[in-house]
1. Take residue 328 and residue 313, extend 7 Å from each Cα along the Cα→Cβ direction, and tell me the distance between the two endpoints in nm.
2. How large is log10 I(q)/I(0) at q = 0.12, 0.21, 0.25 Å⁻¹ when the Debye formula is applied to the Cα atoms of the range 241-303, each weighted equally and without solvent?
3. Rounded to the nearest 0.05, what FRET efficiency do residue 376 and residue 487 have when you use their Cβ-Cβ distance and R0 = 45 Å?
4. Would you mind putting 19-32, 297-310 in packing order, based on average other-beta-carbon counts within 10 Å, highest first?
5. Starting from the 7 Å offset along Cα-to-Cβ, what nm value, one decimal, do you get for the label separation of residue 259 and residue 365?
């Protein structure tokens, strides 16, 4: 009886059913599309963070570098003694040097912090790394001894006090020092070449957490526990290609030859991994002179929902350290990806709420209006013995079916919308700025720009701290999740029940006498 009466009333009031179901379907479809695109943006943002920071973890721990403080990377500096280099036939000197040290702006701290981190509740796995910069400097210095004195115009040797062509004191028009000879251009010039690449020292036995969790093996092998203390290196594919290196070749790091045992590539949308080269942590510490020092700790939380609480506990355990989650690092990501994230986070959410509220309001108004038009019907039903509860259930059932129909149509429309987004596959650009450093930096030092005569050029910048911007293009993919579909269906049910409750309450207040008056 209930279902028969319900189906008959829905078919007799098709216009009302269509309007209510269409409004509900529009709201549900919008919720599904916005939720799917928002999930896609979050996944894209995580992909950018992994490619830029090499973070396949929940929390990273670093320490802020203080200018001039111990433990902060001073940058690579080159110092040459009087006996360094090789003298060529033309009197110039060829010099070369390779250094491995913490980059400027990078602070190192005691490796005992790793044990502290592992002792914090909620930590599933943790590993320490040491971020370094390798700089190889090579150049040709001219023969400056030729500049001690030169021949004057009168054929005498100019010493700064000789006579000029007019016999007067040579300070006015006497002899001038001759420019140094030798050099790369044969006229006293100098040629400097600096090659830099990043090196990360990591625990070769830690495979579940750390920078290499976002990389896949392309050739050779990765580092293993047996590589501790060995001079072996795994290269990023992009750097290996540019340097023309392959498995089995050697790479000089800090003046020591390392054997290339593997090549890895990023599994994210970016082509590069977090570093150009990966070596065993203890080897990196010994070679750079940073014994028992680390620069980063990567942490995986035991529960994804406990990341914020874990961050608080880690900050309490290491008060001098900087504890960052991926959400914190996401603030450095800019570009159209951030624009999309802000748009979805603000406009999309509010638009979904407004449309849902409008759909619920339309359902309630149409249901109440329908009840008002059915005054004689409900009055007659009460006259023949229908209770208020039965009438309320009847109205609520009709509204619930209308909501479910709208929900089903809305889910279908939402899935079609996500399919369209994935077929279009919009490309978002993202940029993250990180701090890089190089050697020297002092004017006139090995890192300073030089003119043709080998002197420091005015305004010449050294190889000091720089801002390196990594740009990544991410193809947006909006995933479909069961939880979102269930949420959409649940909202449709809630909308139907809400409209049915209000309409049923209105119908239950009708009296049989009103039906008689309407008949008369």
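1. Those two pseudo-labels are separated by 1.6 nm.
2. Each listed q maps to, in turn, -0.43, -1.06, -1.20.
3. 0.65
4. On the way: 19-32: 24.4, 297-310: 17.4.
By packing density, highest mean first, the sequence is 19-32, 297-310.
5. Placing both labels 7 Å along Cα→Cβ, they lie 7.9 nm apart.
We did not get these values from a lab; they are worked out from the coordinates using the rules stated. Predicted model, so just to flag it, every value in this text is computed and none were measured. Cβ: placed from backbone, ideal geometry, glycine included. Neighbour counts: every protein chain shown.
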